[in-house]
Amino acid sequence: MANVKKRPLTKKQAAMLGFVISCVEKEHRTPTIRQMGAKFKMRSTGSVRDVIYALVKKGELVKDAALSRGVRLNPRKYTVKVSKKR
């Protein structure tokens, strides 16, 4: 592939990625699609999935069929400090 530039994250993608990171730090797991939708006032789970798909395509998240929530942070890009659970 010659000179393929990745497009930067949109504001919504960056915000959702930040939300995923904060959930992993606080709760030790990624949020559900419905939690993401509620946080960003998105009524359709399909719209949330579109943003998740874009983040997977851009290499920020990794799809994992073995996980109940289906995605995780890309371990090659993110090292998350996990807070102690209460």
Quote the relative contact order of the chain in percent (integer), defining contacts as alpha-carbon pairs under 8 Å separated by 6+ residues. 30
For a footprinting-style exposure proxy, rank 20, 62, 51, 71 by other Cβ within 10 Å, fewest first. 62, 71, 51, 20
If you work out percent of Cα pairs over 21 Å apart from the coordinates, which of [x] 68; [y] 29; [z] 56 do you get? [y]
Mind listing the phi-derived Karplus ³J(HN,Hα) values for segment 59-76, rounded to whole Hz, using 6.51, -1.76 and 1.60 with θ = phi - 60°, and x for any glycine or proline? x, 7, 10, 10, 6, 9, 5, 6, 8, 5, 8, x, 9, 8, 5, 5, x, 6
Ordered by fewest other Cβ atoms within 10 Å, a rough proxy for footprinting exposure, 47, 22, 68 read 68, 22, 47
About the Cα centre, charge dipole magnitude for segment 11-70 (Lys/Arg +1, Asp/Glu -1 at Cβ), debye: 260
Add -39500 (n - 2.57) for each DSSP H run of 4 or more in the chain, then divide by its residues: what number comes out at 222 nm, to the nearest 500 deg cm²/dmol? -13500 deg cm²/dmol
With x for Gly and Pro, the residue-by-residue ³J(HN,Hα) of segment 39-49, computed from phi through the Karplus equation 6.51 cos²θ - 1.76 cosθ + 1.60 at θ = phi - 60° and given in whole Hz, is 4, 9, 6, 9, 6, 9, 5, x, 5, 5, 4
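Throughout, read-outs are computed from the coordinates displayed, never taken from laboratory work. Keep in mind the model is a prediction, meaning the values are calculated, not measured. Here Cβ is always computed from backbone atoms with ideal geometry, including for glycine, and neighbour counts include all displayed protein chains.
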